[in-house]
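Single-structure report; data block below.
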Amino acid sequence: MAKMQSNMFDTILEGGTIYDGSGSDAYVADVGIVNGEIATIGNLGDAQATDRVKIQGMALSPGFIDLHTHSDFTLVADGKAESQVHQGVTTEVVGQCGHSVAPLRHRDELRKKAQGFSDDMEIEGWESFGEYLEALEANPLGVNVAAFVGQGAVHHAVMGDDLRFPEPDEVDQMADLVRQSFEEGAAGLSTGLEYWPGNQSSPETIEPLCQVAKEFDRLYATHVRNRDRFYDLGFGEAISTARAAECKLQISHIQPKYGAPSYAMDHTLEMIQLDQKYGLDVAFDIIPHEWSHTLVMAILPKWALEGGQEKIIARLKDKATREKIKQNRNPMWLLVADRIWSKIVLLSSQHNPQLVGETLEDIGKMRGVDPYDAAFDLLLEEAPGIHRLFWTSNSFRHEDLELCLSQAECAVISDTKAVAPYGLLENEIGSLSGYGWTSEFLGNYVREKKTLSLAEGIRRMSSLPASRLGLRDRGLVKEGYKADLAVFNPATVESTWTIKKPKSFAKGFEHVFVNGVQTIADGQRTSDNKGVVLRDFSSQ
């Protein structure tokens, strides 16, 4: 704490219990905000301020930094980020799992991204990564946004939907696109090696892109190729690729899935710790519950995805092709291969909203068909927005989550989209906990299970992700830092989502500030949206 640095504050937060994001013990003090920054921390009882907010008995923490989201397009459709702001999130990192929405081959490709939001939605579009960031900036933003460039996007920009490995000159073109994206403000590089076209790549074709990440001191985040039977190959590939490129590695949502042996998490952490011993900069993150979500299309084999949506639809309409798809022994979820449909739940459907929350087993019974065929039928019925059909499965083990959280380098993420229960995004959902992942973690793992202290739990969603990104002025309650702040009641914070009703705001968050401007006041959303697009990422 320091002496007062200003004669007049824009806002003073009075008497809060400050958890500064470092993991250190909490203390009680006032926080004075001037021009979007934390000007002074101390006793400001006699200071002048335009606004005073009394927060005695409340926790005051840095605003939470969601290191892994898929809000790339939802923030363009509606930048208010209601589902995130209501639970203390002040910064999102989009472009994960290789699925950035830039760069593109043609602006026309944005039409399929917009399908399902609104027939009246108008968007000028973009091709380059810089143009995408400018499109984000054109809208009021409820959160700050950092954006990764996805390997899947640059692969498609160079090769389209061709089902083949890239030639060396094509890999060079991809590396050039990654370099251009970094120059234009990309925060890092991501891959999604269980998704098309990431699953059509090899370490030899990814390493040159990671070398560019190294050149720019950017983070490489990966959704690894496999987290079930061959988990050690998937995690080993990620580690080997980063080691060869000498870049910083973030393993996304690391917990193994159904089908992995019970010791897979222990083994994976041993692999990571050994490579850390030899100098590899590697960390990881988890989703704070036992449900895993993805696109329904993700279970289709590579050959069934070639050629784009029209060909996919034609294949799904053909009975013989359906039977061939069903013989796939390596879908993204082994729950599908093993036909354990009772653990798979429909998460989002615009054509069949009445089925959301139902298991595929029950949907099959309702329709009198094999649940596998029910999944194919749901995809066809969702057309032309088949890429917007989501489901979720009970795939993770609680013991694995606990083990990960015991590691100091484990961040906590949402793997969701910023959405709203109204307007263009009314029918959108990104995950079961999209409206309450921070409260699920703070209420369940911190308060109830006591897996981590509150101070340490806050660090996992603030200074830890900030340091991984290279953000030097966010992630801490510290003088000179941006005033991204969350005020909540640790005793009452909780998630309210259920499988049947996931669109339910978290409880316990009283005030949220983004760049010094209040976006949540006394638990209610204000009309202010002062988030910015972040472009400066350096650990130097």
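The values are calculated or read from the model by the stated rules, or taken from the named source; none is laboratory data. None of the values given here were measured: they were computed from a predicted structure. For neighbour counting, all protein chains shown are included, and Cβ atoms are generated from backbone atoms with ideal geometry for every residue, glycine included.
Checked against (1) buried (at least 20 other Cβ atoms within 10 Å of the Cβ); (2) among the hydrophobic types (A, V, I, L, M, F, W, C); (3) over 19 Å from Leu347 (Cα atoms), Leu454 passes all but condition (1).
Taken over region 242-267, the criterion of being over 22 Å from the mean Cα position of the chain (by Cα) and buried (at least 17 other Cβ atoms within 10 Å of the Cβ) is satisfied by Arg243, Ala245, Gly259, Ala260, Ala264. What about Gly475, is it over 16 Å from Glu290 (Cα atoms) and touching a Leu at 6+ places or on another chain (Cβ under 7 Å)? Considered against the rule, which asks whether it is over 16 Å from Glu290 (Cα atoms) and touching a Leu at 6+ places or on another chain (Cβ under 7 Å), Gly475 comes out as no.
May I ask you to say which residue of Val419, Val412 is in contact with a Pro (Cβ under 6 Å, 6 or more places away or on another chain) and either outside the structural domain of Lys319 (by TED's automatic domain parsing) or under 20 Å from Pro502 (Cα atoms) (or both)? Matching residue, one of Val419, Val412: Val412.
Ser349 meets each of the listed conditions (1) polar (S, T, N, Q); (2) surrounded by 17 or more Cβ atoms within 10 Å (Cβ to Cβ); (3) farther than 30 Å from Thr498 by Cα; (4) outside the structural domain of Gln407 (by TED's automatic domain parsing) apart from (3).
With respect to the conditions (1) over 21 Å from Trp497 (Cα atoms); (2) out of contact with any helix residue (DSSP H, G or I) (no Cβ under 7 Å at 6 or more places or on another chain); (3) not in a loop (DSSP other than H, G, I, E, B), Leu471 lacks only one, and its number is (3).
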